[in-house]
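**Student:** For reference, the structure I am asking about is given below.
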Amino acid sequence: MRPRTACSSCRQRQRRCIVQDNARGVACGFCLRNKHECSLVASSSSPIVERAHKQKHQSPTASLPSCSEIACPDLAPPESFQEETIVLPVHSGLRMPPAEAYLEIASNYFTYIHDPSHNIFHRPSFMADLSSNKVPRSILLCVIALAARFSNHSFFSYSSPRSRGRVYAREAERQLDLHSLSLVTLRTSLLLGAFYGTEGDSPHESLYYSLACRIGSLLNLPNSTFDTPLSREVGIRIWWTLDIVDVWSSNSLQLPRLLNPKKDVPFPTSERAFFQMRRSHSYLQFSSFESQEESSTSVFVQKIKLNPILSEIAQLNRTLAENTLSLHETHAATEALALRLNEWREQLPESLTDTPENLFAQSASGSGGVFVALHIGFYHFSQLLYFYYLHQSVSSYPTAESNVFAERCRESSTAFCELLYAAQALPGAEVYYSMVGHALVISSTVQLHILLFTDNEEQSYAARQRLEKNFVILSRLQKLWRTVDHSFARFQEFHGACMRTKADSEDPSTTFRMDKWMIQFLMEYSKPLEQRADLEYRSPASSTSYESDTVQRGYESEFRRWTSTELGIDFES
C-alpha cells in the first residue's frame, strides 16, 4: 500500500496537499495559511533521520539566533520586564532571506519607515545586534515584513514588492507571546499595527496599536528606572511613539484615545546626541551630550509638539459636519487652531524651518526623510484645518474669512506638493512611507478644486502640473503599499462625485462640503471609502483578486485613461 503523502486536513477536505520543495516534516501550504497543526509535522521521521534531512536541506533560517542568544536590542529594563524565551518551531515552513540580505533590509527599514514614522530603536545598537544575531526573532520578522518591499536582493525577485511582507507578519503573529509583558512584545505589537495599517486593514491595525499602548501603560514606561541613559532615552522615545500612534489611530476610526496625555514625561534628546550614545555610557557621560545639544533641535521633539493639534482639528471638522456651530463660532474655532499651528512653526529652531538650505543640510546629515516628514505633517494638518472653507469660498456669498481660510488651504496644499517634489529629487530626502499616499490625495483634491473653480489660467495650469506629478508619485507608492489602492480609489471617487453633480446640472462645489462622507475621506485613511452617490466604480481594494499584479497594472491603466478623459491630463509613462 502506497504511504500517505497528504496531511489529515487536506485528506478530509479532499484537496491536494502542497508542501514547499517536497520537504519532509514541513507543514503544508493550507495548514500554514490557516495556522492549523499539520499532521506532516507531527509524523516526521525519527530524530536521526530528521537531523540528516535538515542538514541536507539547510535553509537561511539556520543563520538566525538560537533562543539563548536572543536579547533585547538596546533596552535593559528592570528585572520584571525581561523577555521570556520564545521557541520557534524547527519546521515552520517559512523561508527566511539569506543572512547577507538582513543588513540591507534593516537599513531600508530605518531610512524609509522607522525614522519618518515611529521611533522605537537605537539604530547603532540594533545594527550591532543584527550583525551578532541577537535581534529578537519576532522583531526581525516584523522588520522584514515592513522593509522587504524595498530590497533589491535576488531572494525577493520573484515576488512583487508589496506582497513580500505578509508571510513574515503572520509568522511574527505566531511568535507574539501575550503572556510576556515586555518591550519585545510591545515593539512587536506596534510593528504589526504599522504593517496592517499599510495593508489597509484598519481593525487589526487598531488592535495591535491598542495592545502596544496597554503594554506601555502596564510597564509604566515613562516612569521606569533604567540602568543606562541609552535604555532610558529609548524608553522615552517608545512612549512618545505610542502617544503619536494613539492620536492617529483613534482619530482615523473615531475611537477614544487609550493613553492620557502626560505632562511630566521628558522630551527625547536631539537626534545627534541619541545617535552618539552607547550602551556602555554612564549617566555622567550622557549629561555632557545633553549639554551640547538642546532637545528643541530634535525633529522628533517637534513632531511630538505638533501631534496633539491633529485631534483638535479632527474634532472641529466632525462638529462642522454636524452643522451645530454658528458662523462666528466656526471662524473663531478655526482661528484658534490656526494660531496654534503658527505658534508651532514660529518656535522652530532656525535649522528646522522649511527652507531649501535646511533640506539639503538635513539630507547630508542623514535626517532628510525625517525632516521632510515633519513638514509634510504640518502642511497636511493645515490643509485639513482649512478644507471646510473650499466649499464656502465658492458659494454665492462667501465671507471674507472664508476666502482667507480657503486661500490658506490652497497655499498649504501647494507647499506640501513642492516640498515633496524637492525631496523626491534629492538623494537622502526621499519619503516612501505609506501615509504619504493619503496626505497626497488630500492635497490633490485641493489642487483639483483649483483646477475646477479658478479663473486664473496660470493657477489652473500649475494645478494641472501638480496633479500630473502627484499621480506619478502615487503610482510609485502603490507598487510598495496596498493601502495606496485606497488612496487612488478615494481620489477617483471624489472626482467622480464632482463630475456627477456637474452632469446633473448641480454645483460641483457641493462635493467639497463638510459632511460625514467628507470626514471619512479626510480622516479615515486606512478604510475603503463609501460611495457618495450611485457611481459605477469599484475599488480594487474590495476585489477578491486584490493582490494580483495584473489587476494592479490594469487598475493603473484604467486610472490613467480616466484622468486623461475627465481631467485632460496626460501623465508621463
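**Student:** One residue is enough: does segment 311-319 have a residue meeting the conditions more than 25 Å from Y525 (Cα to Cα), surrounded by 11 or more Cβ atoms within 10 Å (Cβ to Cβ) and without any contact (Cβ under 8 Å) to a residue 40 or more places away in the chain?
**Tutor:** In the first step, residues of segment 311-319 are kept if they are more than 25 Å from Y525 (Cα to Cα); the result is none.
Looking for residues that are more than 25 Å from Y525 (Cα to Cα), surrounded by 11 or more Cβ atoms within 10 Å (Cβ to Cβ) and without any contact (Cβ under 8 Å) to a residue 40 or more places away in the chain, one finds none in segment 311-319, hence no.
**Student:** List every residue pair whose Cβ atoms sit under 7 Å apart, with the two residues 6 or more apart in sequence or on different chains, where the first one lies in segment 124-137 and is open to solvent by 50 Å² or more (accessible area, probe 1.4 Å) and the second, anywhere, is of a type outside the set (A, V, I, L, M) and in a helix (DSSP H, G or I).
**Tutor:** From residues that are open to solvent by 50 Å² or more (accessible area, probe 1.4 Å), the pairs are N133/E69; K134/E69.
**Student:** Is segment 203-223 home to any residue that is at positive phi, open to solvent by 20 Å² or more (accessible area, probe 1.4 Å) and free of Cβ contacts under 8 Å to residues at least 24 places away in the same chain? Explain how you work it out, then say what you get.
**Tutor:** Going residue by residue through segment 203-223, those that are at positive phi are 220.
Filter once more, keeping what is open to solvent by 20 Å² or more (accessible area, probe 1.4 Å): 220.
Remaining after also requiring free of Cβ contacts under 8 Å to residues at least 24 places away in the same chain: 220.
Yes, segment 203-223 contains a residue that is at positive phi, open to solvent by 20 Å² or more (accessible area, probe 1.4 Å) and free of Cβ contacts under 8 Å to residues at least 24 places away in the same chain.
**Student:** Anything in segment 412-435 that is touching a helix residue (DSSP H, G or I) at 6+ places or on another chain (Cβ under 8 Å) and either among the polar types (S, T, N, Q) or free of Cβ contacts under 8 Å to residues at least 24 places away in the same chain (or both)? List them, or say none. Don't jump to the end; show me each part of the working.
**Tutor:** Here is the first cut: in segment 412-435, the residues touching a helix residue (DSSP H, G or I) at 6+ places or on another chain (Cβ under 8 Å) are 412-417, 419-424, 426-435.
Selection gives S412, S413, T414, Q424, S434.
**Student:** Could you list all residues from segment 449-465 that are open to solvent by less than 40 Å² (accessible area, probe 1.4 Å) and either farther than 19 Å from S382 by Cβ or free of Cβ contacts under 8 Å to residues at least 60 places away in the same chain (or both)? Walk me through how you get there before you give the answer.
**Tutor:** Residues of segment 449-465 that are open to solvent by less than 40 Å² (accessible area, probe 1.4 Å), as a first pass: 449-451, 454, 460, 462-463.
Hits for segment 449-465 are I450, L451, T454, S460, A462, A463.
**Student:** For segment 301-315, which residues satisfy the criterion of being closer than 19 Å to S249 by Cβ and assigned to a helix (DSSP H, G or I)? So that I can check it myself, show each step before the final result.
**Tutor:** Taking segment 301-315 as the starting set, the residues that turn out to be closer than 19 Å to S249 by Cβ are 303-304, 306-315.
Selection gives K303, I304, L306, P308, I309, L310, S311, E312, I313, A314, Q315.
**Student:** Residues that are at pLDDT below 90 and of a type in the set (S, T, N, Q), at least 3 per element: which helices (runs of 4 or more DSSP H) completely within segment 121-181 meet that? Full working, then the answer.
**Tutor:** Details: elements: 123-131, 137-147, 166-175.
Passing ranges: none, list empty.
**Student:** Let me ask something additional. Going by what's in this entry, would H380 be described as open to solvent by less than 10 Å² (accessible area, probe 1.4 Å), closer than 26 Å to V484 by Cα and over 24 Å from the mean Cα position of the chain (by Cα)? Write out each step before concluding.
**Tutor:** Values: open to solvent by less than 10 Å² (accessible area, probe 1.4 Å): yes; closer than 26 Å to V484 by Cα: yes; over 24 Å from the mean Cα position of the chain (by Cα): no.
No.
**Student:** Follow-up. Please enumerate the residues belonging to segment 449-494 that are in a helix (DSSP H, G or I), among the aromatic types (F, W, Y) and farther than 20 Å from E411 by Cα.
**Tutor:** Looking only at segment 449-494, we keep the residues that are in a helix (DSSP H, G or I), and these are 449-453, 457-478, 483-494.
Filter once more, so that each one left must be among the aromatic types (F, W, Y): 453, 461, 471, 488, 491, 494.
F488, F494 - these are the residues of segment 449-494 that are in a helix (DSSP H, G or I), among the aromatic types (F, W, Y) and farther than 20 Å from E411 by Cα.
**Student:** Suppose we filter segment 250-276 for residues that are assigned to a helix (DSSP H, G or I), of a type in the set (A, V, I, L, M) and open to solvent by less than 30 Å² (accessible area, probe 1.4 Å); how many remain?
**Tutor:** Filtering segment 250-276 for residues assigned to a helix (DSSP H, G or I) gives 250-253, 271-276.
Going one step further and asking which of them are of a type in the set (A, V, I, L, M), we end up with 253, 273.
This time we only want the ones that are open to solvent by less than 30 Å² (accessible area, probe 1.4 Å), so: 273.
Residues meeting the conditions: 1.
**Student:** A follow-up question, please. Check F471, F416, F405 and return the single one that is more than 20 Å from the chain's Cα centre (by Cα), of a type in the set (F, W, Y) and open to solvent by less than 30 Å² (accessible area, probe 1.4 Å).
**Tutor:** Values: F471 fails: more than 20 Å from the chain's Cα centre (by Cα); F416 fails: more than 20 Å from the chain's Cα centre (by Cα).
Within the list F471, F416, F405, the selection yields F405.
**Student:** Across segment 154-176, which residue is farthest from the chain's Cα centre (by Cα) among those that are open to solvent by less than 40 Å² (accessible area, probe 1.4 Å) and farther than 28 Å from L186 by Cα?
**Tutor:** F156
**Student:** From P97, P77, P116, grab the single residue that is part of a loop (DSSP other than H, G, I, E, B), at pLDDT 50 or above and crowded, with 19+ Cβ neighbours inside 10 Å.
**Tutor:** Numbers: P77 fails: at pLDDT 50 or above; P116 fails: part of a loop (DSSP other than H, G, I, E, B).
None of the others qualify; the one that does is P97.
**Student:** Can you find even one residue in segment 333-344 that is outside any helix (DSSP H, G or I) and farther than 13 Å from V299 by Cα? Write out each step before concluding.
**Tutor:** The first filter runs over segment 333-344 and keeps only residues outside any helix (DSSP H, G or I), leaving none.
No; the residues of segment 333-344 include none that is outside any helix (DSSP H, G or I) and farther than 13 Å from V299 by Cα.
**Student:** Here is a check on your reading of the model: is E50 surrounded by fewer than 17 Cβ atoms within 10 Å (Cβ to Cβ), in a helix (DSSP H, G or I), modelled with pLDDT of 50 or more and of a type outside the set (V, I, T)? Working first, answer last.
**Tutor:** Working: surrounded by fewer than 17 Cβ atoms within 10 Å (Cβ to Cβ): yes; in a helix (DSSP H, G or I): yes; modelled with pLDDT of 50 or more: no; of a type outside the set (V, I, T): yes.
When the stated conditions are applied, E50 does not pass them.
**Student:** Next question, about the same structure. Return only the number of the condition from (1) open to solvent by 10 Å² or more (accessible area, probe 1.4 Å); (2) more than 24 Å from S252 (Cα to Cα); (3) at pLDDT below 95 that T324 does not satisfy.
**Tutor:** (2)
**Student:** Let me ask something else. Take the conditions surrounded by 21 or more Cβ atoms within 10 Å (Cβ to Cβ) and not in a helix (DSSP H, G or I) and apply them to G200. Does it pass?
**Tutor:** Yes; evaluated as a whole, the condition is true for this residue.
**Student:** Hey, can you tell me all the residues within segment 224-249 that are open to solvent by 10 Å² or more (accessible area, probe 1.4 Å) and either out of contact with any helix residue (DSSP H, G or I) (no Cβ under 9 Å at 6 or more places or on another chain) or more than 15 Å from L259 (Cα to Cα) (or both)?
**Tutor:** The answer is S224, T225, F226, D227, T228, R232.
The values are calculated or read from the model by the stated rules, or taken from the named source; none is laboratory data. Source: prediction; values computed, not measured. Ideal geometry is used to build each Cβ from the backbone, glycine not excepted, and the neighbour counts take in all protein chains shown. Note: accessible area is taken over every heavy atom of the protein model, side chains too, but ligands, DNA and RNA are not part of it. Shrake-Rupley method; radii C 1.70, N 1.55, O 1.52, S 1.80 Å.
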